[in-house]
Amino acid sequence: MRIASLLIDGQPKLGVRKGQSYLLVSDVDPTLGTDVGLCLASGDDWALRAAEAAKTARAVELDAVRHRPLVPNPPKLLCLGLNDVDHAAEGGFDVPDFPAVFARIASSLIGHREPMLRPRESEQLDYECELAVVIGRAGRRIPEEQALDHVAGYTVFNDG
């Protein structure tokens with residue numbers, strides 16, 4: 001299921017992608033919340049409820065929506081640096097034994113097709129497309145064989 005955090009006529013909505021439109025499932029089932037983070041927190045049965053709501057939800061064409069960050073207020077936003085050995089070598093970096101971990105600030109997130117603003121103190125952006133993993137269930141010291149049980153999904157992330 002492809003879900004998105006949307007803005008329609010200034011109102012936050014949760015949408016399920018179907019073809020060239022989004023089905024506004026948060027209008028049918030408000031318990032899903034109006035963004036992906038709230039949806040994931042609404043209960044383990046969120047996918048079943050979203051699928052049921054999609055059956056009767058109003059469709060909105062893609063060009064009528066603005067995308068918000070998938071999870072607008074993540075409790076944590078952790079990133080890995082120098083985890084692609086070839087890319088690190090291209091940049092002239094020594095490849096570390098373990099990727100560098102760093103945090104991003106939630107207020108720096110933007111939605112799909114929203115402008116990436118360059119601070120006037122910077123001369124350029126170092127943007128690159130990244131794979132983002134959306135964690136749907138918290139955990140700590142999770143055995144490797146259970147790690148994917150905590151992943152809600154994947155998305156693209158433009159890191160600038």
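Details
- Residue in the stretch 114-121 that is at pLDDT below 95 and under 21 Å from LEU14 (Cα atoms) present: yes
- Cβ-Cβ under 7 Å pairs, at least 6 apart or on other chains, the stretch 64-75 side outside any strand (DSSP E or B), far side among the aromatic types (Phe, Trp, Tyr): VAL65/TYR22
- Scanning the stretch 124-147 finds one or more residues that are without any contact (Cβ under 8 Å) to a residue 12 or more places away in the chain and over 24 Å from ASP44 (Cβ atoms).
- Any hit, the stretch 82-97, residues being assigned to a strand (DSSP E or B) and either under 29 Å from GLY43 (Cα atoms) or free of Cβ contacts under 8 Å to residues at least 24 places away in the same chain (or both): no
- Filtering the stretch 42-54 to residues that are of a type outside the set (Gly, Ala, Ser), modelled with pLDDT of 95 or more and part of a loop (DSSP other than H, G, I, E, B) leaves only ASP45.
Okay, residues lined up against (1) outside the structural domain of CYS39 (by TED's automatic domain parsing); (2) aromatic (Phe, Trp, Tyr); (3) in contact with a Pro (Cβ under 8 Å, 6 or more places away or on another chain):
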residue	(1), (2), (3)
PHE93	yes, yes, no
PHE102	yes, yes, no
ALA106	yes, no, yes
ARG118	yes, no, no
VAL134	yes, no, no
ARG141	yes, no, no
GLN146	yes, no, no
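- Count of residues meeting criterion [surrounded by fewer than 21 Cβ atoms within 10 Å (Cβ to Cβ), of a type outside the set (Ser, Thr, Tyr) and part of a helix (DSSP H, G or I)] in the stretch 7-36: 3
- Candidate set from the stretch 75-123 (those that are loosely packed, with under 13 Cβ neighbours inside 10 Å and β-branched (Val, Ile, Thr)); member that is nearest to SER5 (Cα to Cα): ILE105
- Test: PHE102 is assigned to a strand (DSSP E or B) and under 22 Å from PHE157 (Cβ atoms): yes
- Breaking point among (1) outside the structural domain of LEU131 (by TED's automatic domain parsing); (2) surrounded by 12 or more Cβ atoms within 10 Å (Cβ to Cβ), for LYS55: (2)
- Condition met for CYS39 (part of a strand (DSSP E or B), under 18 Å from ALA138 (Cα atoms) and among the hydrophobic types (A, V, I, L, M, F, W, C)): no
The values are calculated or read from the model by the stated rules, or taken from the named source; none is laboratory data. Just so it is clear, the model here is predicted, and its values are computed rather than measured. Note that each Cβ is placed from the backbone with ideal geometry, even for glycine, and that neighbours are counted across all protein chains shown.
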